[in-house]
Amino acid sequence: MSKQKLKTPSLKAPAPAPAEIAEPVSRRFLPLLLILFVGSGCAALIYEVVWFQLLQLVIGSSAVSLGVLLGTYMGGMCLGSVLLPRYVSSREHPLRVYAVIEAGIGIFGLVILFGVPMLDSVYAAIAGHGLWGILVRAILAGICLLPPTLLMGASLPAIARWIETTPRGISWLGFFYGGNIAGAVFGCLLAGFYLLRVYDMRTATFVAVAINAAVALVAYRLAESTAYSPSADVTRDVPRGDAPVPARSIYIAIALSGMSALGAEVIWTRLLGLMIGATVYTFSIILAVFLVGLGIGSALASQVSGRTRHPRIALGVCQLLLAAAIAWSAYTLAVSLPNWPVNPLLAKSPWFNFQVDLMRCLWAVFPAACLWGASFPFALAAAAKTGEDSGKLVGEVYAANTIGGIIGAVAFSIVLIPWIGSQDCQRLLIALAAVSALIVFVPLRNSLRKTAVLGLIAAMLVAVWMIVDVAEVPWLAVAYGRRMSFQTNAGRALYVGEGRNSSVAISELPDGKHYFHVSGKVEASTEPYDMRLQRMLGHLPALLHRNPQSVLIVGFGAGVTAGTFVVHPTVQKITICELEPLVPPAATKYFSNENHNVLNDPRTQIFYDDARHFILTSKDKFDIITSDPIHPWVKGTSSLYSKEYFEVVKQHLNPGGIVTQWVPLYESDPETVKSELATFFNVFPNGTVWGNDINGEGYDTVLLGQAEPMKIDLDALDARWTAPENARVSESMSLVAFRSPLDLLTTYAGRASDLTPWLQNAQINDDMSMRLQYLAGMGLNFDRPAVIYSDILAFRRFPNDMFTGSEARMAALRFALSSPGR
């Protein structure tokens with residue numbers, strides 16, 4: 001410690017030698033600064049979680065939208081790290097600059113929280129689809145994210161000026177980087193498991209702002225009590241064991257390291273989400289493990305970088321080990337984890353599953369994350385020149401790493417995964433690490449011993465072998481995800497594809513039934529109960545509406561719901577919104593008989609976009625909107641069950657228009673279902689529930705809403721059912737055991753006014769809380785649909801004011817609904 005050289009106060013007495021002043025300064029201030037950086041990292045991750053969730057509500061959650069958000073977020077941090085050393089004088093006290101930065105981040109945090117909802121209506125008025133839509137999304141993301149992320153990126157270069165670029169000083173910079181990551185881990189877990197689960201985005205933002213304020217206050221007080229005198233003179237040279245090497249090679253290497261790190265995070269998060277279940281908690285665990293690895297690796301490398309005389313060689317070795325660690329991760333994801341004898345359904349409490357999920361993530365991700373974390377301190381030490389502006393050094397290395405991260409995140413998520421698949425993407429990650437090592441070692445070739453050169457050649461040959469040996473993730477992971485380990489009769493895969501937004505599989509069981517899978521879940525099938533539900537979602541509103549002409553279907557799935565409208569003669573326009581472009585062609589190939597080839601019907605128009613974003617920006621109105629999204633426990637899906645979403649849907653209904661919404665009772669608990677129903681009824685107080693059961697026991701439901709009071713004329717419905725022009729409609733219904741209007745109407749399970757007592761304490765899922773995804777993630781293993789459906793039916797009363805018709809038909813319906821099992 002005594003040999004560490006720091007920038008220190010100017011005193012009236014003769015200035016002591018650097019070695020003499022370093023020790024007391026480091027003792028008094030550096031640990032405190034490390035704690036402040038922990039706080040900065042904590043606040044930054046809370047903001048990141050909140051901002052991404054908040055902005056996705058406006059610009060959507062497609063891969064393009066996420067790419068825009070991530071590119072803007074990281075781009076701002078990159079610019080901040082480069083611009084601060086250039087435009088903020090090194091004569092300014094680093095701690096005072098750091099205090100201003102932290103205060104500014106907190107102010108912008110509040111501005112974004114209250115400003116984004118105001119931009120919502122403006123964005124909806126001008127945004128569209130295609131290139132213009134992407135441009136508008138980028139502009140909005142830039143307006144919101146660039147100012148605070150510029151400040152975030154500037155924080156490390158600002159504080160770095162407190163330390164000179166000696167080996168021991170560089171090691172402290174590595175500790176600051178690691179401390180920032182440690183805070184990020186805590187912020188990630190605090191936001192994902194507590195603040196957003198218990199409270200909402202407002203509370204989470206206020207907590208982050210309070211942390212920024214505390215950090216700014218402490219830094220400012222420390223600046224006021226401590227003098228600072230910048231030193232531009234090189235007082236001594238630190239001998240290095242490496243031959244002089246252009247710094248450019250270090251910057252390229254750390255950029256490639258950043259590219260592989262963010263590319264791997266994209267790929268591994270996707271694959272682990274399949275196997276563990278893509279809940280908000282899973283993503284928090286994966287991110288936390290990744291950050292823990294970065295932090296530990298950075299801390300260990302910071303210790304080594306202050307002592308080693310060969311930081312460039314250490315960086316190169318780190319990249320070689322990284323290639324092996326990436327290969328290990330690829331093996332665990334394709335071979336090891338899929339064969340772990342883990343049944344996630346055994347534990348009803350989610351906290352036990354979180355422990356298992358944590359271990360699986362550590363097993364797969366931790367080694368590589370540690371090495372990526374170690375790369376940054378080694379790169380700092382390798383690029384450093386004694387006496388140069390430490391803020392400039394840190395800013396340039398950080399910018400190079402961040403630029404690589406931006407390219408990796410965007411390229412792998414938007415281009416490479418849908419183009420070459422996750423297997424070849426992981427091969428590319430190994431190659432990037434190997435190339436990064438070569439870039440570090442090649443300039444040193446004249447100073448390396450022959451044994452070292454031979455070792456490098458052998459390492460490259462091993463890297464080639466590891467690239468070739470990467471295995472493909474089993475199709476069962478894409479098809480059944482967290483349930484794959486106990487699938488005893490899964491059949492065979494007919495189709496497997498990886499798209500920008502989702503992984504898709506279509507399988508055939510031994511009995512000939514087809515299953516449609518999205519990201520580890522069965523989303524549709526030709527099983528009778530699934531066909532019944534899919535037909536109900538379309539036929540029910542189409543038959544109850546007097547003259548349906550335009551319909552919007554949210555989510556293509558197997559296309560069966562969309563296909564129900566093909567057989568209705570009055571329907572003139574079928575609009576489909578689907579997030580994943582792989583879905584409609586694949587489903588059409590294997591489900592064309594069931595979906596009446598709706599994709600190729602001349603009335604069909606399909607938009608590939610986030611459904612919420614499409615409805616928000618669409619100028620059209622519809623007679624029917626039917627929504628069949630994925631389960632609400634899947635991260636991001638709860639925005640299609642929110643109060644604000646239903647309000648936008650209601651605004652896009654023509655007079656007399658009807659909306660239907662799928663609500664699953666399986667893989668769910670009573671609190672989750674109550675939240676879904678209460679939120680829907682909050683917007684559609686005349687809403688009704690229609691059940692799809694299996695052998696009289698609950699399975700899933702259809703919520704049906706209308707702005708006006710619901711009126712169902714039994715005589716008119718019977719006349720439409722038997723009309724010659726609707727022969728295909730009645731045939732389609734009979735195939736799923738609806739042989740008469742009475743069969744359909746006996747699925748009635750209640751309405752909002754009946755269920756008021758049951759829903760009394762239900763939590764409304766609004767945009768600021770996204771409460772549903774946290775409730776659903778906790779209730780994932782409850783899976784007792786019969787109990788929930790029985791609770792709903794206990795409140796059902798025959799609605800004399802809703803059903804009208806002849807006395808005979810009314811009596812028949814009343815009798816059918818009062819029968820056991822109905």
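The values are calculated or read from the model by the stated rules, or taken from the named source; none is laboratory data. Since this is a predicted model, take the numbers as computed values, not measurements. Ideal geometry is used to build each Cβ from the backbone, glycine not excepted, and the neighbour counts take in all protein chains shown. Just so you know, the surface numbers come from the protein's heavy atoms only, side chains and all, with ligands and any DNA or RNA stripped out. Shrake-Rupley method; radii C 1.70, N 1.55, O 1.52, S 1.80 Å.
List of remarks:
- Residue in the range 132-142 that is closer than 20 Å to Val648 by Cα, in contact (Cβ under 8 Å) with a residue 40 or more places away in the chain, of a type outside the set (A, V, I, L, M) and surrounded by fewer than 16 Cβ atoms within 10 Å (Cβ to Cβ) present: no
- Test: residue in the range 449-470 that is more than 22 Å from Gly316 (Cβ to Cβ) and not β-branched (Val, Ile, Thr): yes
- Residue that is farthest from the chain's Cα centre (by Cα) [pool: residues in the range 309-324 that are open to solvent by less than 10 Å² (accessible area, probe 1.4 Å) and of a type in the set (A, V, I, L, M, F, W, C)]: Leu315
- All positions within the range 41-72 that are open to solvent by less than 10 Å² (accessible area, probe 1.4 Å), more than 14 Å from the chain's Cα centre (by Cα) and among the hydroxyl-bearing types (Ser, Thr, Tyr): Tyr47
To keep it simple, each residue is scored yes or no on (1) at pLDDT 90 or above; (2) under 30 Å from Cys577 (Cβ atoms).
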| residue | (1), (2) |
| --- | --- |
| Met118 | no, yes |
| Ala124 | no, yes |
| Gly128 | no, yes |
| Arg161 | no, no |
| Glu164 | no, no |
| Ile170 | no, no |
| Ala184 | yes, no |
| Leu189 | yes, no |
| Val198 | yes, no |
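- A single member of Val634, Val648 is under 28 Å from Leu55 (Cβ atoms), in a helix (DSSP H, G or I) and either within 27 Å of the chain's Cα centre (by Cα) or not polar (S, T, N, Q) (or both), and it is Val648.
- Yes/no for Leu195 being in contact (Cβ under 8 Å) with a residue 12 or more places away in the chain, more than 20 Å from Leu36 (Cβ to Cβ), hydrophobic (A, V, I, L, M, F, W, C) and in a helix (DSSP H, G or I): yes
- Being surrounded by 20 or more Cβ atoms within 10 Å (Cβ to Cβ), modelled with pLDDT of 95 or more, closer than 23 Å to Glu725 by Cα and in contact with a helix residue (DSSP H, G or I) (Cβ under 9 Å, 6 or more places away or on another chain) is a property that holds for Pro548.
- Any pair with Cβ under 6 angstrom, 6 or more apart, that starts in the range 784-811 at a residue that is open to solvent by 50 Å² or more (accessible area, probe 1.4 Å) and ends at one that is at pLDDT 95 or above and of a type in the set (Phe, Trp, Tyr): Phe795/Trp758
- For the range 694-709, the candidate set comprises residues that are surrounded by fewer than 19 Cβ atoms within 10 Å (Cβ to Cβ) and hydrophobic (A, V, I, L, M, F, W, C); within that set, the residue that is modelled with the highest pLDDT is Ala707.
- Just so you know, in the range 74-99 the residues that are open to solvent by 10 Å² or more (accessible area, probe 1.4 Å) and hydroxyl-bearing (Ser, Thr, Tyr) include one that is modelled with the lowest pLDDT, and it is Ser90.
- The criterion of at least 2 residues that are closer than 22 Å to Phe815 by Cβ and aliphatic (A, V, I, L, M) is met by the following helices (runs of 4 or more DSSP H) wholly inside the range 669-749: 714-722, 741-745.
- From the options Ala707, Ala727, residue that is without any contact (Cβ under 8 Å) to a residue 60 or more places away in the chain and within 22 Å of Phe803 (Cα to Cα): Ala707
- Of the residues making up the range 46-99, those that are among the small types (Gly, Ala, Ser) and more than 28 Å from Leu196 (Cα to Cα) are Gly80, Ser81, Ser89, Ser90.
- Considering only residues in the range 339-366 that are of a type in the set (D, E, K, R) and within 23 Å of the chain's Cα centre (by Cα), the one that is nearest to Asp669 (Cα to Cα) turns out to be Asp357.
- Among residues of the range 100-115, those that are surrounded by fewer than 23 Cβ atoms within 10 Å (Cβ to Cβ) and within 13 Å of Val218 (Cα to Cα), counted: 2
- Within the range 502-513, residues that are open to solvent by 20 Å² or more (accessible area, probe 1.4 Å) sit with their Cβ atoms under 8 Å from residues that are of a type in the set (Gly, Ala, Ser), at 6+ positions apart or across chains, in these pairs: Glu508/Gly491; Leu509/Ala490; Leu509/Gly491; Pro510/Gly491; Lys513/Ser525.
- Residue list for the range 586-611, restricted to those being open to solvent by 50 Å² or more (accessible area, probe 1.4 Å) and either among the polar types (S, T, N, Q) or touching a Gly at 6+ places or on another chain (Cβ under 7 Å) (or both): Asn593, His596, Asn597, Asn600, Gln605
- Residue selected from the range 760-784 under the condition among the polar types (S, T, N, Q) and under 18 Å from the mean Cα position of the chain (by Cα), by the criterion nearest to Asp357 (Cα to Cα): Gln773
- The residue list Val648, Val583 contains one member that is in contact (Cβ under 8 Å) with a residue 12 or more places away in the chain and crowded, with 20+ Cβ neighbours inside 10 Å, which is Val583.
- Any hit, the range 345-361, residues being open to solvent by less than 10 Å² (accessible area, probe 1.4 Å), over 30 Å from Pro230 (Cα atoms) and at pLDDT 95 or above: yes
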